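Presented below is the structure to which this report refers.
The values are calculated or read from the model by the stated rules, or taken from the named source; none is laboratory data. Remember, predicted model here, so these are calculated numbers, not experimental data. Neighbour counts are summed over all protein chains in view; Cβ atoms, including those assigned to glycine, are modelled from backbone coordinates with ideal geometry.
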Amino acid sequence: MDAKATIPWVMYAALTAAMVGGARWPHPQWPLVAAGVAVLVAAGVWKRRVDAAGGAMSEGMTARGTMGAALDASKALPGDVRALAERAKEDTLAEVVRAVEGLLRDRVEVIAAGQEDVVRRRGFEEWAALMGPTAAAERLLNRAWSAASDGHREEAERSLGEAVGYAAEAAREAARMASASVG
Amino acid sequence: MSERELAGRAAPYREVTVAGVLLGVLVGVLMTVSFTYAGLKLGFTVPASMVSAMLGWGVLRGLLKKGSIVENNINQTVAAAINVSSAGVIFTVPVLYLASSEAARSQPEVLAAAAAHQTVDDFLRLHPGMAQQIPTRFLWAIAASSLAGAVLGVLFIIPSRKQMIDLERLVFPSGVATAAILKASGSGQKRARYLVYGIVASIVFASVVGLPSVVPSLPWPALEDLDVGGLAHLPAWFAVVLAINGGLTSVGGGYITGRAGLVLLVGAVIGHWVITPLVVTQHWMPAAVYDTIVRGASQHASEAGLARWAFRNVTRPLGVGMLLGGSIASVILTAPMLLSAIRSIRQQRGSSGAAQELSPSLLYAGVVGGFLTLVAAAWLGAPELGIGRILVAAFVATVWMWLANIIVSIATGRTDNSPLSGMALITILLTLTLLGRSSGGITVAVLMAVAVCVATGQGSDMMQDLKTGHLVGAIPRRQQITQLAVAWVGPLISLLTLMVLSKKFLFGNDPLTAPQAQAIRAAIDIVAPPSDATALQQAVSEATRLRYVAGAGAGLAITLGAGGGLGVVLGLAMYLPMSVTLTYAIGCVLTVVTEKKLGKAWVEDVGIPLAAGFLVGEGLAQVVLVGADLARVAMRGS
């Protein structure tokens, strides 16, 4: 039985059992209490459907929110950051800002969206190994964005250069996880 | 900014600067004074982050012409680090003042002096200094415990930064809103425009709602909540209430959190639409309590009174217990991430060789120093307890402080709501269980509660600021050092303000109603009844303790079964009033609907900036309203 689907029932039973007192039954306004329980059950059913939809997406392994998509984005990240770091010397700062926003949206956010699927499949420790260096790269990309917005080209270039190392570390972890999955 | 201007810019990139720190100190101190008063009057405070970030743009970039985004981030970090402690002080310290004025009511010299007045209360209201006499030794003890809390609060949460922000990706809506302000200049005109729209709308709304509390002659009343259930003729125990005062902040926080925040609604349904109605309709309360509430009251008043009793004595204790159990389970489940984060703090170095996080050895030394300060505070407050019992109480409080810090940070990170007074209550329960309900026991319990409240405020604020910092690319170590350097200022300013106010006003009366402290004072009698308590009080106390334990068991089981800090969020929902949760849930639903109908780009470009504006505007309006109220009180006094 799906553990998540049983949560509302376990919780309801535990809390009700915890309350001590003499019940007087029936009460004329009992239907409202029943309505509250019905809302709770509906929430449980809704959550189960959402989980089922998430599970179905995971089968494809490429849609956003899956481990496959996260690993693919992770492998692509160092090349993209390196290319931007090199291009940034010639680009205008406004172009650097837009390029960093693109990297955050199309790569980092895709990796982050895979959190639930990666944790479900591989556990917290593997997620930490992948996301730790990714988040460090993300912070440096954000710093590059801020510096470029502030008109500080030197800091933007330095931050992008530093982000490459972390992105490469995350990509190595992604490759290791992918090969372990295949094995 | 044009390329021509940029070419002239040379290293270093401005981050920790004298101007940024000084501006933060100035804003932080002013807001601490204002919100110590406002918190005592209204029961809530406003974080300084967003207000300070707004001012930062005007001063650092507008006036000084050289501010950077990360420099303004340091400014808001400093201001918030100072201001955040006011909540911890005002929720707990007035408990000692309330106890003092209670004791004064039976003192012969007070009774003699009050003979010329109608009642003793009338006399004490006119002579608050006589009623509220806290010995200087106690005041030093309070200062020491709040300082210990400020330092320990920051130090305890630093190792969790990587886990909560980098790995768990907690939202921290206020942190996101502050980052939106800091980044407004580079985010494009569209986002900046909607941020401003949100701010203006929120200022207008909050002013209309809050102005009658400052100008009572206005033709409309001060609006707190909208009782939708009452309008629909639903029973008072089936709460369908929307927050009006603070409503846009709740909607904005919910919108930024998005779909994930809807779990809070599930907890509210359990607490307010299942448990509270069950307790009321099935009369799950002592017959004497039931009879007292309903005797001579109308049907609506009885239902409302019974619902209040059920919420305070059943639903809320269960919620606090679930918070506790859920957080213990979260710590167990995320231990691998936490350990990995701590390992990486030891190892991680930037390319320049500079550490990104505060050194672990400094953390350990600071924790030992904070613990010893806490012991000194307890010793100053109640030396008669003996050093052995004081050491045990301080040790337990320090360990609990670490856990409470995690609870509050998870709650803030997931929902933007913080169960500070619940943490104070558990601290008092733990300490009184260890030390007993003697005079010294209560003093040390309040001192530990002061430390825990200040610590949890500092911890959750540090995490909000670090989230903001992550989004603007700040260096965590610099923020952590800055926060540690100024964390001690806030508690002292707040304490001094409180002492000055105590000379002029009587706690528990307008304007210093101190609702949280009064609730804690009442809760002490419930969780640790006096030796002469009646059988009914003993029974209620025993049942309340059982509910804490039952809630903790449920929170532990749910979180271990489902993960994701579920027990913490559900417990928080049962702890919070329905008005806050329901209004917050509206924000979450709006995210889901707008994302579906208008697309993710609309949410990012319009929805989030608008929601961030709601949070900022309400904070700004509250600052202005409190300033006006302070001026009104000062003029009335003169």
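Observations on the structure shown:
- Every pair of residues 6+ apart whose Cβ atoms lie under 7 Å, when the first sits in the stretch B:500-517 and is in contact (Cβ under 8 Å) with a residue 24 or more places away in the chain while the second is among the basic types (Lys, Arg): B:506/B:125; B:509/B:125; B:511/B:41; B:512/B:41; B:513/B:41
- Between B:260, B:268, the distinction of being within 20 Å of the chain's Cα centre (by Cα), in contact (Cβ under 8 Å) with a residue 12 or more places away in the chain and within 11 Å of another protein chain (Cβ to nearest Cβ) belongs to B:268 only.
- Count of the stretch A:145-162 residues, restricted to those that are more than 7 Å from chain B (Cβ to nearest Cβ) and buried (at least 21 other Cβ atoms within 10 Å of the Cβ), is 3.
- Qualifying residue in the stretch B:599-614 (condition: among the basic types (Lys, Arg) and modelled with pLDDT of 90 or more): no
- Any chance residue B:536 is closer than 19 Å to residue B:324 by Cα and either at pLDDT 85 or above or within 12 Å of another protein chain (Cβ to nearest Cβ) (or both): no
- The single residue among B:555, B:599, B:571, B:587 that is under 26 Å from residue B:184 (Cβ atoms) and either surrounded by 22 or more Cβ atoms within 10 Å (Cβ to Cβ) or in contact with a helix residue (DSSP H, G or I) (Cβ under 6 Å, 6 or more places away or on another chain) (or both) turns out to be B:587.
- Restricting B:437, B:389 to residues that are surrounded by fewer than 19 Cβ atoms within 10 Å (Cβ to Cβ) and not in a helix (DSSP H, G or I) narrows the list to B:437.
- Residue within the stretch B:474-492 that is charged (D, E, K, R) and either assigned to a helix (DSSP H, G or I) or crowded, with 23+ Cβ neighbours inside 10 Å (or both) present: yes
- Test: residue in the stretch A:113-131 that is crowded, with 24+ Cβ neighbours inside 10 Å, closer than 19 Å to residue A:80 by Cβ and within 7 Å of another protein chain (Cβ to nearest Cβ): yes
- Check on residue B:501, touching a strand residue (DSSP E or B) at 6+ places or on another chain (Cβ under 7 Å) and either crowded, with 17+ Cβ neighbours inside 10 Å or within 30 Å of residue B:144 (Cα to Cα) (or both): yes
- The stretch A:134-144, subset free of Cβ contacts under 8 Å to residues at least 60 places away in the same chain and hydrophobic (A, V, I, L, M, F, W, C), residue nearest to the other protein chains (Cβ to nearest Cβ): A:135
- Among residues of the stretch B:233-243, those that are within 29 Å of residue B:619 (Cα to Cα) and crowded, with 22+ Cβ neighbours inside 10 Å, counted: 2
- Selected residue [away from chain A (no Cβ under 14 Å) and among the hydrophobic types (A, V, I, L, M, F, W, C)] from B:519, B:543: B:519
- Scan of the stretch A:73-109 for residues that are under 18 Å from residue A:172 (Cα atoms) and touching a residue at least 12 places away in the same chain (Cβ under 8 Å), ordered by number: A:73, A:74, A:75, A:76, A:77, A:78, A:80, A:81, A:82, A:107, A:108
- Total residues in the stretch B:582-633, condition over 27 Å from the mean Cα position of the chain (by Cα) and assigned to a helix (DSSP H, G or I): 14
- Some residue of the stretch B:302-320 being within 30 Å of residue B:166 (Cβ to Cβ) and modelled with pLDDT of 80 or more: yes
- Count - residues of the stretch B:298-344 that are assigned to a helix (DSSP H, G or I) and closer than 23 Å to residue B:411 by Cα: 31
- Residue ranges of helices (runs of 4 or more DSSP H) in the stretch B:60-160 with at least 2 members in contact (Cβ under 8 Å) with a residue 40 or more places away in the chain: B:69-83, B:85-92, B:94-104, B:120-126, B:128-131, B:136-157
Table: residues versus (1) away from chain A (no Cβ under 14 Å); (2) at pLDDT below 95; (3) farther than 25 Å from residue B:332 by Cα; (4) crowded, with 23+ Cβ neighbours inside 10 Å.
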residue: B:351; (1), (2), (3), (4): no, yes, yes, no
residue: B:355; (1), (2), (3), (4): no, yes, yes, no
residue: B:363; (1), (2), (3), (4): yes, yes, no, no
residue: B:376; (1), (2), (3), (4): yes, no, yes, no
residue: B:382; (1), (2), (3), (4): yes, yes, yes, yes
residue: B:408; (1), (2), (3), (4): yes, yes, no, yes
residue: B:424; (1), (2), (3), (4): yes, yes, no, yes
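- Given (1) away from chain A (no Cβ under 14 Å); (2) in contact with a helix residue (DSSP H, G or I) (Cβ under 8 Å, 6 or more places away or on another chain); (3) under 30 Å from residue B:344 (Cα atoms), number of the condition residue B:481 does not satisfy: (2)
- Answer from B:261, B:271, B:230, B:246 - the residue that is surrounded by 24 or more Cβ atoms within 10 Å (Cβ to Cβ) and at pLDDT below 90: B:261
- Odd one out for residue B:280 among (1) farther than 25 Å from residue B:617 by Cβ; (2) touching a helix residue (DSSP H, G or I) at 6+ places or on another chain (Cβ under 7 Å); (3) surrounded by fewer than 21 Cβ atoms within 10 Å (Cβ to Cβ): (3)
- Scanning the stretch B:45-78 for residues that are surrounded by 24 or more Cβ atoms within 10 Å (Cβ to Cβ), farther than 14 Å from residue B:22 by Cα and not β-branched (Val, Ile, Thr) yields a total of 5.
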